[in-house]
Structure formats: structure tokens, C-alpha cells
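The values are calculated or read from the model by the stated rules, or taken from the named source; none is laboratory data. On a predicted model such as this, the values are computed, not experimentally measured, just so you know. Cβ placement follows ideal geometry from the backbone for every residue including glycine, while neighbour counts extend to all protein chains displayed. The accessibility values were calculated without ligands, DNA or RNA, using every heavy atom of the protein model including side chains. Shrake-Rupley method; radii C 1.70, N 1.55, O 1.52, S 1.80 Å.
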Amino acid sequence: MQSPNWPVHTGDVSFWYQDIGGLPSPRPSLEGDTEADVCIVGAGYTGLWTAYYLKKAKPELNIVMVEAEFAGFGASGRNGGWLTGTFAWNQERYLTTGDAAGVWAMVDAMSGSVDEIVRLAEAEGIDADIHRTSELLVATNPGQLVRLKEELQQRRQWGEADRVRELSEQEAKARVQIPGALGAMEIGNVARIQPAKLVQGLAKVVEQLGVRIAESTRVTRLEAGRAVTDRGTVTAPIILRATEGFTATLDGSKRDWLPLNSAQIVTEPLSEEVWAQIGWDGREIVGDFANAYCYCQRTREGRIAVGSRGLPYRLGSKLDHRGTPDSVTIRNLMQILHRHFPAASKARVDHAWCGVLGVPRDWCATVGLDPKTGIGWAGGYVGVGVSTSNLAGRTLCDLTLGRDTDLTRLPWVNRRVRRWEPEPLRWLGVRGMHVLLNSADRHEAKGGPKPSRLALLGYWLAGH
């Protein structure tokens, strides 16, 4: 028997679309073969930002976007609404394709993407519930507190000293009442957004600029000068792949980026009495230092949205069905909600959904363009794509136009990594990581003074 506050809705892509009145009306599909100056595959944040900046720089460009479902169907319309201006990365790994100055430049460029997105949304009249705030990552046991201090040092080392600071137990609890909090790391210059509002608003702006978005048009194969779809072939000298977690659906790309699952729930709007117990008046985006981390936001209308890893990975890089999560994942998310926000334990959960994020073999995002084939790409954001996609779109614009800029010289540009192992090895590796990280969290919850070594083994197993 399910709990009385079990989700009212599951799947249907995400709650964010229910929040704006349902899924968007479909755009026409591609009708036979066509030609373009630039073909962009995938109409999520990455593809739309790229198209926007290209059209602004060179309005006469004929740009055709092809999308298997509808604009914003993937992670762009399902994410946790965190506009952070940071990478999900191990900074040292970028030293293989650059130097320390280049990595510092990446940090600076990434931080600037927050202001750029806010500026653009205001200029283009996109209402995406953007609320400037800070990010709070809370430590709830001694092992997590050690990780907090390590990450604080790492961020300061790589150019974020002005953005981050440590909060004491009292300071953290004054911001949001999370039981057991021992402290927190605060990261400045971030924002909360409503993901579907941002991606749908951006798609309308791009269309108004003259970009054609062909929906329900599934690309099956990319080759030099051609994007082959189930509705015809787009011929263009530049083909840009912006498919993130759906990259594995393309012929020959099943092992390029692994589609890792993440899932979310959202409560009904909470009463003022409940909010008085929780605090959270600054509407910060909130997470924790658990190995199986969570990410939360207080929404525009006073709901709590909670996300975390779901069923981690499906054998053969298979995808979910339109955002429908499994029952075990829903229970885990509800446990996180009740543990971190016990005042909301009786609240009804209105929606549960899931999606995939793209993970390269070294867990580091890349952007690039092969001048020989004219095929470009961007992605592998490992869950922080709202801001990273904007920087990627600006970079792809410069690469497409042949510009030599500060962005095209950053160390993530044209960086190549090895592919994931064939099945069942990658399934075993990712599932093994998931088991070890959860085991580490259970061990750390008992109050030991140090982080569990099981987590290190889990990260090593999957190459994190």
C-alpha cells in the first residue's frame, strides 16, 4: 500500500510543464530533404543558445534545428532549476589540454554565464521565475564536513575564492532548518529558475530570429555535411550535435556519453506555518555533501522540489519513458524530503519525474568542432547544464564562425576522451559505483570522523 502522500502524477516529462499548463503545441516536422548553412541536432538549452548567438552574430544564416520530440523535452525541461555558473568537474583533468591559467579562465567564464543568462532573459522578455540567490551545500555528519572543507579549498585554489565561504552550524541553520546540519558551504552569484519556462521562452525567441525548429524529427546518423533523419536529410557544411544524454541514440555513439539517470519530486504548496519551521527565506538552492547527493529548490509558489540520482543506469544505455520514474526511486526521494525537511513530512507529493544527463568517460564537459568534417558538439555536463550550456553555445557560435577568441582557447575546447566500455562492463561499473556510494553514506551517517573509503572505490570504479 502506497503512502497517502504518494505522487499524484508521475512522468508526463516533468512537473515544470504541468506548472505552465501542459506540454507545448507541436511544431511541424521536417518534410523531406533540405539544405541549411548550419544544422543543429537537439533543441534543448545547448542547441537553442547556439542558434541564438549565431543569429545575433550573423542574421542571414539559414539555421535548421532538428529535434526528436519537442524543444525542451530532455534535461532542459526536467532539471532541478539550478543556475550555478560552475562545472561538474575535476579541474586537474583539464590540465591535460591546457595550463592552470586556462583552467582559471574557464572558471571565470563559467561564473559569468549566470549574469549572461539573467541579462538575456530580461532583454528578451523571458519570464523564467529567475531569482538571484546563493547555493547552500550542507554537511550533516562529520564525514560530509570533511568533504565540505576539501571542496572549499579546491574551489579557492581554482579561482572561486570570492564566491565561496564556510558557514558554521548556527549560520547554516539560520538560513534553512535541516536537522543535523554541522555547517555549510555557501556559493554566491547563482539563481533559481523554472526550467521549462526558460527553455520554452528561449525557443520562441530563436524562432522569432528566423531559426526553423523541426520537431518529431529523429536524427539517426551524422556524417560530414549530412544529418540523416527519419523525415529526410539535412545537408549543411556545419552539423552541431547538442543531444547530451540522448547522444547514445545516434548510430555509432552508444558509448560516447553515458545517459545517467536523475529524478525529482515536488510537493504541494506548503503553508506559512510549515515555512516558518523550515526557514529558507532566501530561496537558496540547497544540496548536501552526501555521496549520493541531493538538489533542492523552493519554487515560486512555495513548493519544495527535491532531486537525486534515480535508477542510476539502464543496461545498453536505454532511456526512461517520457520521464516516468520507478517506485524505489520515488521512495528514496521522499525519504530525503522527510529527512531534510521534516516539517513537510505530511505534505502531498504532487509530481515525480526523471531524466538523463550526459556523462563522458572522464566526467568532464567538452565543446568542439572538427574542421575536416564540419561536425561539432557540446555537452557531457554531468548534471549542471543550465549555465554550462550557455557557455557552450557561445563557444560553438565562435567555432562555427571561425573566430579565434578567448572562449575558443579554453581547455575544454576540442578535448577528446576515450569511450565507455562495452556492455555489460559499463553497467557493472556504474551500478557498482551507485551501490558503493550509498553504502558509504550509510556508513558516514553512523558518525565516523572521516569520509568512507567505499566512496573512493566507487568513484574509481566509474572513472569519476
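In debye, nearest 20, what is the charge dipole magnitude of the range 4-63 about its Cα centre with +1 on Lys and Arg Cβ and -1 on Asp and Glu Cβ, if you could check?
Working: 4 positive and 7 negative charges, 55 e Å.
The dipole magnitude comes to about 260 debye.
Fully extended, how many nm does the chain gain between His464 and Ala101 (0.36 nm per residue separation, minus their Cα-Cα distance)? Present the calculation step by step, with values, prior to reporting the outcome.
Details: separation 363, 0.36 × 363 = 130.68 nm, distance 2.33 nm.
So the chain would gain 128.3 nm between His464 and Ala101.
Mind giving me the FRET efficiency for Ser3 and Val228? R0 is 41 Å, r the Cβ-Cβ distance, nearest 0.05 is fine.
For Ser3 and Val228, the calculated efficiency is 0.30.
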* Asked: Cross-link list Lys58/Lys204; Lys254/Lys372; Lys56/Lys204; Lys254/Lys318; Lys149/Lys450: which exceed 21 angstrom alpha carbon to alpha carbon?
  -> Lys254/Lys372
* Structure fact -> For the chain, whose charge dipole is built from +1 on Lys and Arg Cβ atoms and -1 on Asp and Glu Cβ atoms, the candidate among Ser262, Val38, Ser452 with its Cα farthest towards the positive end is Ser452
* Pairwise label distance in nanometres, Arg453 with Asp115, each label 7 Å out on the Cα-Cβ vector -> 4.6 nm
* Asked: If the label point is 7 Å along Cα→Cβ of Arg339, which residues in the range 277-295 have backbone nitrogen under 18 Å from it?
  -> 286-295
* Asked: Going by the alpha-carbon gyration tensor, a ≥ b ≥ c the square roots of its eigenvalues, is the range 105-160 rounded (a/c under 1.5) or, if a/c is not under 1.5, prolate (a/b greater than b/c) versus oblate?
  -> oblate
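Is there a quick way to get the dipole size of the chain? I mean about its Cα centre, with the Cβ of Lys and Arg at +1 and of Asp and Glu at -1; what is the value in debye to the nearest 20? Could the numbers behind the result be given before it?
Details: 54 positive and 53 negative charges, 227 e Å.
Dipole about the Cα centre, nearest 20: 1080 debye.
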* Structure fact -> Under the helix-only model (-39500 (n - 2.57) for each DSSP H run of 4 or more, divided by the residues of the chain), the mean residue ellipticity at 222 nm, to 500 deg cm²/dmol, is -10000 deg cm²/dmol
* Any idea of Leu209's accessible area? Nearest 10 Å², probe 1.4 Å. -> 60 Å²
* To do: Towards the positive end of the charge dipole of the chain, with charges on Cβ (+1 Lys, Arg; -1 Asp, Glu), say which of Trp280, Ser439, Val211 has the farthest Cα.
  => Ser439
* From the Cα gyration tensor of the range 74-149, with a ≥ b ≥ c the square roots of its eigenvalues, which class applies: rounded if a/c is under 1.5, or else prolate if a/b is larger than b/c, or else oblate? -> oblate
* Structure fact -> The simple spin-label model distance between Thr235 and Val435, using points 7 Å out along Cα→Cβ, in nm, is 5.3 nm
* Theoretical gain in end-to-end length, Asp108 to Ala445 [0.36 nm per residue, Cα-Cα removed] -> 117.8 nm
* In nm, give the distance between the simple-model label positions of Asn62 and Glu301, each being 7 Å from the Cα along the Cα-to-Cβ direction. => 4.4 nm
* Along the charge dipole of the range 1-108, which of Thr50, Gly81, Ser14 sits closest to the positive end, that is, farthest toward it, with unit charges on the beta carbon of Lys, Arg, Asp and Glu (+1, +1, -1, -1)? -> Gly81
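Do you know the relative contact order of the chain, to the nearest whole percent, from alpha carbon pairs under 8 angstrom that are 6+ apart? Don't jump to the answer; show the numbers that get you there.
Numbers: 1072 pairs, mean separation 114.9, N = 464.
Over the chain, the number comes to 25 percent.
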* Structure fact -> Diffing the range 155-171: the Karplus 3J(HN,Hα) column from phi (6.51, -1.76, 1.60, θ = phi - 60°), in whole Hz with x for Gly and Pro, holds 5, 5, 5, 10, x, 10, 4, 7, 9, 10, 7, 8, 9, 6, 4, 5, 5
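Add +1 for every Lys or Arg and -1 for every Asp or Glu among the other residues with Cβ under 10 Å from the Cβ of Gln18, and state the total.
Details: positive: none; negative: Asp12, Asp19, Asp350.
Neighbourhood net charge equals -3.
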* To do: Using the Cα centre as the reference, give the magnitude of the dipole from point charges on the C-beta atoms of the range 365-409 (Lys, Arg: +1; Asp, Glu: -1; all else neutral), rounded to the nearest 20 debye.
  => 40 debye
